[in-house]
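Below is one structure, written out as structure tokens, with a few remarks after it.
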Amino acid sequence: MSEAYYFFSDVHFGLESREKEKFKESKVIEFLSEAENDAKEIFIVGDLFDCWIEYKQVVPKGFYKLFTKISDLVDKGIKINYIAGNHDFWKGSFFRDEFGIDICHEHIEREIEGKKFFIHHGDGFANNDMGYRIVKKVLRNNLSQKLYSWLHPDIGISIAKGTSKTSRNHTNEKDYSEQDGMRDYAFKKIEEGFDLVIMGHRHKPQMITHGKGIYVNLGDWIDYYTYGVFREKEFELKKFYQNEEKKT
């Protein structure tokens, strides 16, 4: 069996009730268990968590089974690439120290099997989104994060969860119709010579051909449970599980 490259995004662990999150965790673990049969690399394209804020000695509780699975994949030699999204960008050394995974805070440019990939979470590309781009720079500033770390973890994480909800509402209210800044940015990258532009953030799975390239939005694991797989120079956008509450 040929080696494959897997892509998924916008799981938003911690978003809903404990029961729903446990179910979602089980599905992600099932997906990773199937992927490990032929995966060479796995790309997490942002917002694995709905809110992740990490202190020097404290990380958000939960997700033990997920972390165990990630550790198992790394031990088996499968490379995991993690691009920070707009909900889980605040990461310290936990993933590097525990799993050997370096978090990418910008984007990844790679050539895979002769195809040029541009991979980005997608936040900040919507039209008329200057306000978010300014806030993004402030929140990701080392000084801002150092000052915030002086808050007690219970207070800091609670505030961050509230901010996460505001950010999610902001994203949901964006107009992605004719003036789709994410799509337009992807088309620009294709015109620069990239064969595939992979993003998340929008939460709607789609593949759009533009010239000689393809723009892919990976969807999410809230409504769609979709992922991408690249194998033998072909990219597929696939559904892992049919959410009965969201028929598509």
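The values are calculated or read from the model by the stated rules, or taken from the named source; none is laboratory data. Treat the numbers as computed from the prediction; the structure is a model and nothing was measured. Reconstructed Cβ throughout: ideal geometry from the backbone, glycine too, with neighbour counts over all protein chains shown.
Of note:
- For Phe63: the one exception among (1) on the phi > 0 side of the Ramachandran plot; (2) surrounded by fewer than 13 Cβ atoms within 10 Å (Cβ to Cβ); (3) free of Cβ contacts under 8 Å to residues at least 60 places away in the same chain: (2)
- Looking across the range 51-110, the residues that are farther than 19 Å from Val28 by Cα and assigned to a helix (DSSP H, G or I) come down to Phe94, Arg96, Asp97, Glu98.
- Any hit, the range 66-85, residues being over 26 Å from Glu236 (Cα atoms), in contact (Cβ under 8 Å) with a residue 60 or more places away in the chain and of a type outside the set (A, V, I, L, M): no
- Residue check for Lys24: basic (Lys, Arg), crowded, with 20+ Cβ neighbours inside 10 Å and on the phi < 0 side of the Ramachandran plot: yes
- Considered as a group, the residues in the range 206-226 that are part of a loop (DSSP other than H, G, I, E, B) and in contact (Cβ under 8 Å) with a residue 40 or more places away in the chain include one that is surrounded by the most Cβ atoms within 10 Å (Cβ to Cβ), and that residue is Leu218.
- Among the residues of the range 27-55, those that are β-branched (Val, Ile, Thr), closer than 17 Å to Phe67 by Cβ and surrounded by 21 or more Cβ atoms within 10 Å (Cβ to Cβ) comprise Val28, Ile42, Ile44, Ile53.
- Residue in the range 7-16 that is surrounded by 18 or more Cβ atoms within 10 Å (Cβ to Cβ), modelled with pLDDT of 95 or more and in contact with a strand residue (DSSP E or B) (Cβ under 6 Å, 6 or more places away or on another chain) present: yes
- Residue selected from the range 22-78 under the condition among the acidic types (Asp, Glu) and within 15 Å of Glu98 (Cα to Cα), by the criterion nearest to the chain's Cα centre (by Cα): Glu54
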